[in-house]
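Participant: Structure in structure tokens, see below.
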Amino acid sequence: MLSSYEDKLNILSFSHTELSEIVASLGEKPFRGRQIFGWLAKGVETFEEMTNLPSRLIKSLKEHYFIGLPDVEKTQKSKDGTIKCLYEFDDAVRVEAVFMKYSYGNSLCISSQAGCKMGCTFCASTMNGLERSLTSGEMLGQVLKMVKITGEDIRHIVVMGMGEPFDNYDELSKFLKLIHDENGYGIGYRNITVSTCGIIPAINRFAEDFPQVNLAISLHASNDEVRRKLMPIASIYKFDDLIDVSKSYTVKTGRRITFEYSLIKGVNDSVEDAERLAKYLKGWLAHVNLIPLNKVKERKYEATGENTIRTFKEILEIRGIPVTIRRTLGNDIDAACGQLRRGR
Ligand code: SF4
């Protein structure tokens with residue numbers, strides 16, 4: 001799928017090979033495709049900025065294509081340095097992306113869909129359902145625009161913003177190839193993380209297609225009963241099957257899986273929950289990322305207290321499960337996990 005604007009196509013959705021074919025069809029030398037791809041990765045907003053292209057090529061490109069960088073509708077800066085942008089695409093669809101500074105480098109969390117149809121009961125992104133999926137060019141545009149706004153290099157990407165990436169698998173995989181291409185922005189696959197709510201067939205496919213990209217699974221429970229309350233997808237894909245497919249992912253790829261676990265007071269944070277989780281995850285390449293729940297005002301859930309979080313962590317650690325507590329960034333601007341929306 002390509003987004004169009006006045007019947008023009010978003011040129012950001014094309015690989016450098018496709019661009020070479022396009023320029024060849026316009027009677028130009030194929031190497032021009034690589035030049036265009038390189039310019040786009042620099043965040044140019046007009047074809048005229050591609051100063052080493054002949055003017056006749058610029059004219060032809062302008063007839064058929066547009067550079068689909070999103071407009072910035074709103075920027076919020078947290079006291080911890082996190083920056084959240086509300087982007088708007090050419091058809092007025094809006095999504096959010098979040099820039100974060102870490103000791104290991106700058107990271108950007110992007111959205112893969114406007115809204116989400118998965119219905120997780122603790123999440124703001126799904127409250128008005130799915131508006132539409134984003135194209136690969138629109139995902140790339142979120143990165144390139146953020147580099148422009150901040151003037152900073154981005155070396156890590158997490159596809160963990162609005163939407164379920166595996167509900168938009170084909171465009172996601174095109175985006176991963178675009179952002180990884182060393183002729184363009186060139187981010188290593190190992191510096192990219194994709195997060196899913198647990199769509200089992202797509203996990204198998206992802207292990208084949210992108211064995212080097214990090215995979216995170218939103219688990220948030222240690223059995224079907226609790227998981228179904230939090231995540232409707234759990235009624236389709238059973239907990240045991242999700243654990244089995246995760247194990248086989250680690251065997252196939254040799255990579256560990258991160259399980260995201262938002263701790264919700266009185267829902268999934270008991271000693272029994274921690275012990276049951278440890279039983280499932282012991283002895284293979286599983287890592288747990290505990291997330292103190294980020295408050296969404298329309299949702300009834302409360303965050304687990306610090307002492308209970310610590311106890312939960314210790315129970316996992318004692319049983320040999322690698323576990324971290326996620327540092328919550330951008331909470332004061334609703335930029336943390338589960339808080340992103342289509343606009344306000
Ligand atoms: S947590 Fe992820 S999959 Fe679930 S509703 Fe929110 S955006 Fe969608």
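Participant: Inspect the stretch 80-92 for any residue being surrounded by 18 or more Cβ atoms within 10 Å (Cβ to Cβ) and assigned to a helix (DSSP H, G or I) and give the result as yes or no.
Facilitator: No, the stretch 80-92 contains no residue that is surrounded by 18 or more Cβ atoms within 10 Å (Cβ to Cβ) and assigned to a helix (DSSP H, G or I).
Participant: Of these, Ser173, Ser103, Ser111, which one is surrounded by fewer than 21 Cβ atoms within 10 Å (Cβ to Cβ) and modelled with pLDDT of 95 or more?
Facilitator: Criteria check complete, one pass: Ser173.
Participant: Determine, yes or no, whether Asp153 is touching a strand residue (DSSP E or B) at 6+ places or on another chain (Cβ under 7 Å), assigned to a helix (DSSP H, G or I) and surrounded by fewer than 22 Cβ atoms within 10 Å (Cβ to Cβ).
Facilitator: Criteria not met by Asp153.
Participant: In the stretch 229-239, which residue that is of a type outside the set (Phe, Trp, Tyr) and over 15 Å from Lys117 (Cα atoms) is farthest from the ligand (Cβ to nearest atom)?
Facilitator: Lys238
Participant: Pick from the stretch 117-131 the residues that are within 17 Å of Arg227 (Cβ to Cβ) and near the ligand (Cβ under 8 Å from one of its atoms): which of them is surrounded by the fewest Cβ atoms within 10 Å (Cβ to Cβ)?
Facilitator: Gly119
Participant: May I pose another question? If I filter the stretch 35-45 for residues that are out of contact with any helix residue (DSSP H, G or I) (no Cβ under 6 Å at 6 or more places or on another chain), surrounded by 14 or more Cβ atoms within 10 Å (Cβ to Cβ) and more than 30 Å from Met162 (Cβ to Cβ), do I get at least one hit?
Facilitator: Checking the stretch 35-45: at least one residue is out of contact with any helix residue (DSSP H, G or I) (no Cβ under 6 Å at 6 or more places or on another chain), surrounded by 14 or more Cβ atoms within 10 Å (Cβ to Cβ) and more than 30 Å from Met162 (Cβ to Cβ).
Participant: How many residues does the stretch 134-174 contain that are more than 16 Å from the ligand (Cβ to nearest atom) and not charged (D, E, K, R)?
Facilitator: 16
Participant: Right, another one. Counting residues that are touching a His at 6+ places or on another chain (Cβ under 9 Å) and without any contact (Cβ under 8 Å) to a residue 40 or more places away in the chain, which helices (runs of 4 or more DSSP H) fully inside the stretch 1-79 reach at least 2?
Facilitator: 31-41
Participant: Which condition from (1) touching a residue at least 60 places away in the same chain (Cβ under 8 Å); (2) touching a Phe, Trp or Tyr at 6+ places or on another chain (Cβ under 7 Å) is the one that Ser195 breaks?
Facilitator: Status for Ser195: all satisfied but (2).
The values are calculated or read from the model by the stated rules, or taken from the named source; none is laboratory data. Here the structure is a predicted model, which means the values were calculated and not measured. Please note: Cβ atoms are built from the backbone with ideal geometry, for glycine as well, and neighbour counts cover all protein chains shown.
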